[in-house]
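Enquirer: Sharing a structure below in structure tokens format, with a few things to ask.
The values are calculated or read from the model by the stated rules, or taken from the named source; none is laboratory data. All figures in this text were calculated on a predicted structure; none of them were measured in a lab. Glycine gets a Cβ as well: all are built from the backbone with ideal geometry, and neighbour counts include every protein chain shown. For accessibility, only protein heavy atoms count, side chains too; no ligands or nucleic acids. Shrake-Rupley method; radii C 1.70, N 1.55, O 1.52, S 1.80 Å.
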Amino acid sequence: MKFYKAGEIPKVGNMYFIYGDGGTGKTSLTKLFDGRKLLLSFDGSTNALTDTDDIDVISFEYSDAPNMQKLVMSYLSKQIAKGEYQVIVLDNATALQNWVLENIDGASKDGRQNYLKLQTWFRKLGDFLRESNLNVLATAHQIDNGSTGLDGKGRFEADMNGRTFNAFTGPFDVVGRIYKDNGERFIDLDTENGNHAKNRLDDRTLIKANELLNTEKKEDK
């Protein structure tokens with residue numbers, strides 16, 4: 001527990017969770033952030049970053065799978081403690097979830113207990129990233145549920161177990177869906193569309209992808 005006097009509340013990093021189809025430029029969003037960045041890749045898709053010189057990458061492989069939880073927390077703890085990075089990126093939380101679930105699955109005869117353990121681990125991971133006070137970007141694949149009604153709302157969601165998604169993204173400031181339209185990339189931040197989305201930083205509901213970090217002042221309600 002920490003106590004901050006009025007007027008002495010410190011500024012902490014912002015946390016962004018962006019999901020979408022493959023090829024929509026989720027990994028490339030890393031380039032928008034200033035400072036030195038550490039990217040943890042869980043699917044090996046690092047080609048979009050080969051032209052950079054300020055991004056260090058830890059790419060996990062199948063041989064790492066049995067120790068995935070321990071390795072992720074260990075690497076994050078050690079690298080964050082060094083104080084060399086301003087941004088932490090988790091590229092493909094969908095793949096990370098599947099690896100973690102594979103480790104947990106079968107640990108209990110009650111499948112509900114296995115998913116509870118999955119949710120608990122991801123909640124701890126989200127809280128740990130928040131407490132780092134660094135800027136954080138996490139990406140994930142999307143699920144297209146098709147039209148869910150006459151208004152078409154609620155069609156898209158992150159490809160994660162629903163409760164695990166909620167547990168992980170609770171501390172995040174921004175959750176949005178990235179997509180392409182006529183060759184341009186956009187991010188939907190509008191909760192009222194029924195998709196997984198939120199924006200606690202400002203009042204924007206639909207932005208161009210390259211404007212993700214251009215936070216605007218919130219209007220008084």
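Enquirer: Let me check I've understood the local charge: for residue 68, count other residues with C-beta under 12 angstrom from its C-beta, Lys and Arg +1, Asp and Glu -1. What total comes out?
Expert: Summing Lys and Arg as +1 and Asp and Glu as -1 gives -2.
Enquirer: 5 Å is the cut-off here: which amide hydrogens, built 1.01 Å from N in the peptide plane, fall below it relative to residue 159, excluding neighbours closer than 5 in sequence?
Expert: Amide H neighbours of residue 159, under 5 Å, 5+ apart: 141, 142, 143.
Enquirer: So, one more: Note the listed values (i) 18.3; (ii) 19.5; (iii) 20.4, then indicate which one is Kirkwood radius over Cα pairs in Å calculated from this particular structure.
Expert: (i)
Enquirer: Taking the solvent-accessible surface of protein heavy atoms with a 1.4 Å probe, what is the per residue accessible area of the chain in Å²? Don't skip to the answer; put the middle values down first.
Expert: Details: 12080 Å² over 221 residues.
Accessible area per residue, the chain: 55 Å².
Enquirer: With +1 on each Lys and Arg Cβ and -1 on each Asp and Glu Cβ, how big is the dipole of region 1-105 about its Cα centre, in debye rounded to the nearest 20?
Expert: With Lys and Arg at +1 and Asp and Glu at -1, about 620 debye.
Enquirer: Mind checking the dipole of the chain: about its Cα centre, +1 per Lys or Arg Cβ, -1 per Asp or Glu Cβ, Debye to the nearest 20? Walk me through the intermediate numbers first.
Expert: Numbers: 29 positive and 33 negative charges, 169 e Å.
Computed charge dipole of the chain: roughly 800 debye.
Enquirer: Using a 1.4 angstrom probe on heavy atoms only, work out the carbon and sulfur share of the accessible area of region 1-134 in %.
Expert: It is 49 percent, rounded to a whole number.
Enquirer: Moving on to the next point. Antiparallel versus total DSSP beta bridges in the chain: what percent is that, nearest 5? Walk me through the numbers on the way to the answer.
Expert: On the way: 13 of 37 bridges.
If we restrict to bridges inside the chain, about 35 percent are antiparallel.
Enquirer: Also: Go ahead and run the numbers for FRET between residue 208 and residue 31, Cβ-Cβ distance against an R0 of 22 Å, rounding to 0.05. Please report the intermediate quantities before stating the final value.
Expert: Numbers: r = 14 Å, r/R0 = 0.66.
After rounding to 0.05, the efficiency reads 0.95.
Enquirer: Got a number for the accessible area of residue 71? Probe 1.4 Å, square angstrom, nearest 10.
Expert: Approximately 40 Å² for this residue.
Enquirer: Taking 0.36 nm per residue of separation and subtracting the Cα-Cα distance, what length does fully extending residue 198 through residue 3 add? List each step's numbers first, then the result.
Expert: On the way: separation 195, 0.36 × 195 = 70.20 nm, distance 2.72 nm.
Between residue 198 and residue 3, full extension yields 67.5 nm more.
Enquirer: Which three extents, in whole angstrom, do the alpha-carbon atoms of region 1-104 cover along their principal axes, largest first?
Expert: Answer, in whole Å and largest first: 47, 34, 26 Å.
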